[in-house]
1. Determine if region 83-95 includes at least one residue that is charged (D, E, K, R), under 17 Å from the mean Cα position of the chain (by Cα) and closer than 26 Å to D163 by Cβ.
2. Condition first: under 16 Å from L42 (Cβ atoms), modelled with pLDDT of 95 or more, charged (D, E, K, R) and in a helix (DSSP H, G or I). Can you find one or more residues in region 74-87 that meet it?
3. Condition first: in a strand (DSSP E or B), of a type outside the set (A, V, I, L, M) and under 14 Å from A37 (Cβ atoms). Now tell me which residues in region 228-251 satisfy that.
4. Criterion first (closer than 20 Å to L152 by Cα and in contact (Cβ under 8 Å) with a residue 24 or more places away in the chain) does Y106 satisfy it?
5. Return only the number of the condition from (1) crowded, with 17+ Cβ neighbours inside 10 Å; (2) touching a residue at least 60 places away in the same chain (Cβ under 8 Å); (3) among the polar types (S, T, N, Q); (4) under 23 Å from P229 (Cβ atoms) that N120 does not satisfy.
6. Might you let me know whether region 16-39 holds any residue that is assigned to a loop (DSSP other than H, G, I, E, B), of a type in the set (V, I, T) and crowded, with 23+ Cβ neighbours inside 10 Å?
7. Under 9 Å between Cβ atoms, at least 6 apart or on separate chains: pull out the pairs that start in region 218-230 with a residue that is modelled with pLDDT of 95 or more and end on any residue that is of a type in the set (G, A, S) and part of a strand (DSSP E or B).
8. Contact list please: Cβ distance under 7 Å, first residue in region 234-247 and without any contact (Cβ under 8 Å) to a residue 60 or more places away in the chain and closer than 15 Å to G220 by Cα, second residue of a type in the set (D, E, K, R) and in a loop (DSSP other than H, G, I, E, B), pairs at least six apart or on different chains.
Amino acid sequence: MPKIKVAAVQMAPAFADKMGNLRRVAHLVKQAAGEGAQLVVLPELVTTGYSFMSKEDALVYAEALHPDLLTFKSMRVLAESFQVHLVWGMIELDVGTGDLYNSQVYVAPDGTWTSYRKVNRWGNDFLWCRPGRANPPVVAANFAGTTKKIGLLICRDVRDKKDDNWKSFYEKGDADIVCMSANWGDGGFPSVSWMDFVEDNNMTLIVSNRYQKEANNDFGEGGICIIEPPDKVTCAGIQWDQDCIVYAEIE
């Protein structure tokens, strides 16, 4: 069976510097593509940072999900130019309601895309964004003739449920690969939550994370990896407290 090379990116976005962050993202995506990566996963809120204190503060940096607006267009061009499937986190504006969401977006080299809104909020999320109300989407992604089911996930949603009534986001067979964009914070590496998710769902989990302090949050030294079921962890190339990329070739 052909293998797919995937990349988990570690990057600490500069708070409220969208243009600067987009330039750094472009450099990292180019680097990953140059190493042969076909799927590249970037951290949660990678274009803006995390620590907004109000909806009004975050609104300045929010964008609707439209292929011709700045962030989406930049990522779409990167995906097409380097022929990679790309996943990233951003502040989404719902133009219909005016609500903001901590969102994750997937775009393929051909421009096909989907998105997901974080359900299980944490910390500053409560100050500016609304919770998502739907399970993560799964897309059939084509990698040079091989089709894989790709799922999305944002940080604390790796707990794989909302509550006892909303019991599961994923079940075995739903996806082959789940792309997790995170601002995980300091703690054990790899997290038990990540390992449990992979074992429970029999899916490969790509963990993209940030590092460094930002305002009221301490995201620690970072920590990225690719976890294949039941418990194979790849983290070769990780560099604590700095931008880096971890790669894996998965079945």
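The values are calculated or read from the model by the stated rules, or taken from the named source; none is laboratory data. Please read all numbers here as calculations on a predicted model, not as lab measurements. Here Cβ is always computed from backbone atoms with ideal geometry, including for glycine, and neighbour counts include all displayed protein chains.
1. As a first pass, look at region 83-95 and keep what is charged (D, E, K, R): 92, 94.
Filter once more, so that each one left must be under 17 Å from the mean Cα position of the chain (by Cα): 92.
Applying the additional criterion that residues be closer than 26 Å to D163 by Cβ yields 92.
Yes, some residue in region 83-95 is charged (D, E, K, R), under 17 Å from the mean Cα position of the chain (by Cα) and closer than 26 Å to D163 by Cβ.
2. yes
3. T234, C244, Y247, E249
4. Numbers: closer than 20 Å to L152 by Cα: yes; in contact (Cβ under 8 Å) with a residue 24 or more places away in the chain: yes.
It is true that Y106 is closer than 20 Å to L152 by Cα and in contact (Cβ under 8 Å) with a residue 24 or more places away in the chain.
5. Condition not satisfied by N120: (2).
6. Restricting attention to region 16-39, the residues satisfying the condition of being assigned to a loop (DSSP other than H, G, I, E, B) are 16-17, 35-38.
Now drop any that are not of a type in the set (V, I, T), which leaves none.
No, region 16-39 has no match at all.
7. Taking only residues 6 or more apart or on different chains, the pairs are I224/A8; I224/S208; C225/A8; C225/A248; I226/A7; I226/A8; I226/A248; E228/A248.
8. W240/E221; D241/E221
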